[in-house]
Amino acid sequence: MIPDQPIAQAIALILAQAVVLLCVSPAIVGLINKVKARLQCRQGAGILQPYADLKKLFRKQPVLSTTTTWIFTATPYIVFASTVTAGLLIPVFASQMPLNFAGNIIAFVYLLALGRFFLILAGLDSGSSFGGMGSSREAIVASLTEPAMIMAIFAIALTAGSTNLSTIVHRTALLEGIATDPSAHLMALSAVFIVVLAETGRVPVDNPATHLELTMIHEAMVLEYSGRYLALLEWASAIKLLVFLTLIANVFAPWGIATSFTPMALSVGLAVYLIKVAGLALLIGTIECMFAKLRLFRVTDLLGVAFILALLGLLFFYMLRG
Amino acid sequence: MAILFFLMVASYAAGLLLPLCCPARPKIQNLVAHGSAAFGSLGGIGLGIVGLFGPDPLTMSVPSALPLLTFAVRLDALSSFFLLTISLIGLAASIYAVGYVTAWYGHISIALLGSLYNGFLLTMTLVTLADDGFFFLIAWELMSLVSYFLVVTEHEKADVRHAGLFYLIMTHVGTAFIILTFLLLFEGSGSFSFDAFRHPEQPLPDGIRTTVFVLALVGFGTKAGVVPLHVWLPYAHPAAPSHISALMSGVMIKTAIYALLRVYFDFFGGQFPWWWGFVVLVVGAVSALLGVMYALMEHDLKSLLAYHSVENIGIILLGIGAGMIFHSYGLDELAVLGVIAGLYHTINHAVFKALLFFGAGSLLYATHTRNMEEYGGLLRRMPWTGACFLIGAVSIAALPPTNGFVSEWLVFQSLFMSYQIPSLAMKLMLPIAAAMLALTGVLAMTCFAKAFGISFLALPRTSHAKHAQEVPWTMRIAMGVLSAVCLALGLAPMLAVPIIDRVAASMIGSSIADKMLALDGWALAPVNVEFSSLSTPALGLVLAATAALGLGLVACCGGTFPRRYSKTWACGLNLTSRMEYSAAGFVQPIKRVFSTIYQPTVKLETEFLEESRYFAKRRRFEFHIAPVFQTYFYDPVIAFMSGLADRMRIVQGGSLHLYLAYMFVTLVVLLLAAL
């Protein structure tokens, strides 16, 4: 569970992972936008555009609503902190993360829920109908994704004999205890993929590019934010996207990740990781171009499918293993 | 130890009698009653700590003049744990009450309220300490009666009287089942002492044991408020004064959990088939999910909290049910884990539910309404209450790093451990219960985002909310203390878990304290260290560090720009509170998605302008959710009972001669029977 390593190395690894998450995440958003633009026969902004946006937002004077309370100004920090902390529980380029002991998949899900709780409060705090609408919709989408998410990861956890993400990834990467039949994995993978689309607010559940009151969810909650507060929230949502892509990439296909701490293994691990998440970003960009956003009350069916898939994954696991 | 016991009982007794003898100055009565209660609670806390760490259980017994009845008390680990929980909440409630009852000076008798309050604490304490079936029943019945009188404190209101009557009937139906439980146990042992229940002369046959299991589950389940026996709870708990609601929701319903553990693990020595545990698990899962679902639709803040008690009792039963299943398969270490999870959630729920009821009481004190739709913007006006309520809300929503998260996490782990059970059905059923718990958790998060967001944030919706003021300092201190306990139980589970492990080990006989703690106690690792681990101190530290990173980033790149304040954009109009999302609007999508459960009925009436039907003058919108349990479960029972009562009126002729004749006939029959 806890790799034997000197404390300095552990802290260095944690910091390195935080730096990777912080630095790579805007590029992933930029990449998805670029893919969408190209598929729509547009030139589109450069992949590095989100960095420029963040820089600009940080340097703008923030405008706060007179109705808001300290909850509104504290929320960006809480969302940022909970997202980054959740990101540190999952291995990115090295499979043995020092923070593995701090929490398992349940802690991961509930940390993200902490950020969501405050974001919902902030949406209500501004007093306008848009914020409340976004909060209310976010709540229902979250209610339907979390059970599916927990069931899907549990099916994987059983194969690896652990619910701690780092242990799952490490064992899968070393091909320990892998089931001979991958059907349980495939079921869980498709469930998690649907969950990720919903959790990160992508088409067909939410459209990150819209500001139309009838359709927006995440954007409605953060509508009243500006300046540095908006910058933190945008950054946090990019990190959340990257963390979920990492979850898919490393839990279901961890091969290539550094299983030891040699410089060679670490650099290969980082390179493979970047290729994997870039590939997933391409996939998401393509999906966003191919599908229309679902009506809010049709999302239920989609997430119901995710839950059933996860349940089938669990059933297959027990059936095939006896 | 005996000294502490007498100190506690004497303080409560003083609090019971002294206010009634005091001069009619409400302030003095208030201080005397709640001061004695606070002393009694301190004694209870001391007694609980001594009982938890003491080597042997304390026993005392006083024979009585009545046959079969002995006033026997016994303080073992299980009793001590519940005694500690009750006394802790009792202490906070006593401090809170000093400020809270000032609103009633001159309206109702403070002496009576304070006296009953002490009686309530005393009877609850005795329920956990009783070591004799008869004595237990007397304490239980007194607890129910005293709490009934407390519920109808504001008896001039019709709905309070109705709530009280409903509670009185339901609690007595429950008591009837409990009496049957004890009578069946008495059959086997020939004595009412708990010791005889533990070691009966001849073992009970399986049929009787199963009957006892069902009777106890129904009887105590009524008090605990499990679905479908929960209907009284959302009526009775909100009707009582808020510090009483906190005690009823926080700890009184836990006495039923205590009694269930006592019967199943102590009297039966843990000898039961797997399906007992499964029944408890199903009852827990259904209560948790339906409890939170009905809570979401509730806009009376105190009723909402009462429904959450149903939910949390469900979560506690999920842990205990999983423990029972593991125990019946001989997986004792996992059984201890399940019971630890249930007990940890018991104390956590007591703390945050009392805190939230105190918060709701403060809002009631400040605004004179319980309807959330009339609150709004209260965080600016009541910053302390708001901050404490937020901590309670985060805890009950089980968000890290608070106490609710730790115990819910433990429940999850014990459900996930199901892969070690040999039976395939159980292997699948426990993860499904975990998925239901996940849904419950996220719905609870939604519900408290609604409760806090609608009550405390944005603009005040009424003048009540606009002119609200912060509550007296005693009330704030009580809330502050409980908030601190919430955080402490969340951030330092390594201190609490070994103690709770002693309680669970005393029932099951195998201790897992050393297996629960990894890394010198900095991480919790339920039984199998490879399978899962959690360290809330580390999570708290990383959260603080990353929040500091966020602050640092802001400071480096542009944090120097001053903030500008402006009105929220409301499409060119002036923002009014009518533009805000209401509580009903917030949960509308959930109502629609889960409409099979709610079966909502919506009524929309529109009055149009005479000139044109394109312009509405007035709109009236009503929605109700179907009271399923009331319609299909309670109403038939009540109809049957009152029908029966009508038939029985034939014998009740009202003539004195007839009654004398009844007595004569009865006497003759009895004499003949005696011959």
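Derivation of every value follows stated rules applied to the coordinates shown; laboratory data play no part. Values in this document were obtained by computation on a predicted structure and should not be read as measured data. Ideal geometry is used to build each Cβ from the backbone, glycine not excepted, and the neighbour counts take in all protein chains shown.
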Checklist entry - Which angle between 0 and 90 degrees, to the nearest 10, do you get for helix A:129-160 versus the longest principal axis of chain A when only C-alpha atoms count? => result 0 degrees
Checklist outcome for this item: Connecting every pair of Cα atoms under 10 Å apart in chain A and solving the GNM, the largest mean-square fluctuation among A:V79, A:V20, A:V92 falls on A:V20
Checklist entry - Most fluctuating residue of A:R116, A:R228, A:R59 in a GNM of chain A with Cα springs under 10 Å: which is it? => result A:R59
Checklist outcome for this item: Unit-weight point scatterers at every alpha-carbon of region B:64-134, Debye formula, q = 0.28 1/Å: log10 I(q)/I(0) is -1.21
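How shielded is A:83-91 by partner chains, expressed as the average number of their Cβ atoms within 10 Å of its Cβ atoms?
Values: counts 2, 7, 12, 5, 1, 4, 2, 0, 0.
The mean count of partner-chain Cβ atoms within 10 Å per residue comes to 4.
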Checklist entry - GNM, chain A, Cα, under 10 Å: largest mean-square fluctuation among A:T300, A:T210, A:T262? => result A:T262
Checklist entry - In whole Å, how far is the Cα centre of region B:559-624 from that of region A:52-88? => result 27 Å
Checklist entry - Across the Cα atoms of the protein assembly as shown, what radius of gyration and what greatest pairwise Cα-Cα distance (Dmax) are found, in Å? => result 29.6, 108
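Pairs of alpha-carbon atoms within less than 8 angstrom and 6+ residues apart define the contacts here; what relative contact order does region A:7-321 have, in percent? Show your work: numbers first, answer last.
Numbers: 517 pairs, mean separation 89.5, N = 315.
It comes to 28 percent, rounded to a whole number.
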Checklist outcome for this item: Excluding residues fewer than 8 positions from B:K515 in its own chain, the aspartates and glutamates with Cα under 17 Å of it are B:D332, B:E333, B:D501, B:E530
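What does the charge add up to near B:L296, with Lys and Arg as +1, Asp and Glu as -1, over the other residues with Cβ less than 9 Å from its Cβ?
On the way: positive: B:K450, B:K591; negative: B:E298.
Once positives and negatives cancel, what remains is +1.
In whole angstrom, how long is each semi-axis of the equivalent ellipsoid of chain B, when you take the square root of 5 times every eigenvalue of its Cα gyration tensor and sort them from largest down? Don't skip to the end; give the middle numbers.
Numbers: eigenvalues 334, 221, 148 Å².
Equivalent ellipsoid semi-axes, largest first: 41, 33, 27 Å.
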Item to check | Environment charge of B:F358, counting only residues whose C-beta is closer than 13 Å and scoring Lys/Arg +1, Asp/Glu -1 | outcome: +3
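Order of A:310-321, B:313-324, B:57-68 by packing, highest average Cβ count within 10 Å first?
On the way: A:310-321: 19.7, B:313-324: 30.2, B:57-68: 11.6.
Top of the packing list down: B:313-324, A:310-321, B:57-68.
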Next on the checklist: Just want to confirm a number: the relative contact order over chain B, from Cα pairs under 8 angstrom separated by 6+ residues, in percent.
Outcome noted: 11 percent
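For the cross-link pairs B:K302/B:K591; A:K240/B:K353; B:K157/B:K591; A:K60/B:K567, which exceed 25 Å when the distance is taken from alpha carbon to alpha carbon?
Details: B:K302/B:K591 20 Å; A:K240/B:K353 32 Å; B:K157/B:K591 31 Å; A:K60/B:K567 18 Å.
Pairs exceeding 25 Å: A:K240/B:K353; B:K157/B:K591.
Taking every DSSP beta bridge that has both residues in the protein assembly as shown, what percent is antiparallel when rounded to the nearest 5?
Working: 21 of 25 bridges.
Approximately 85 percent, going by the DSSP bridge assignments.
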Next on the checklist: I'd like the distance between the alpha-carbon centres of region A:16-42 and region B:477-493, rounded to an integer number of Å.
Outcome noted: 42 Å
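Net charge near B:L185: determine it from the other residues with C-beta under 15 Å of the C-beta of B:L185, scoring Lys and Arg +1 and Asp and Glu -1. Walk me through the numbers on the way to the answer.
Details: positive: B:R198, B:R209, B:R262; negative: B:D131, B:D132, B:E187, B:D195, B:E201, B:D206, B:D266.
Cβ neighbours under 15 Å give a net charge of -4.
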Checklist entry - Per-residue ellipticity at 222 nm for the protein assembly as shown, helices alone: DSSP H runs ≥ 4 residues times -39500 (n - 2.57), over residue total, nearest 500 deg cm²/dmol? => result -23000 deg cm²/dmol
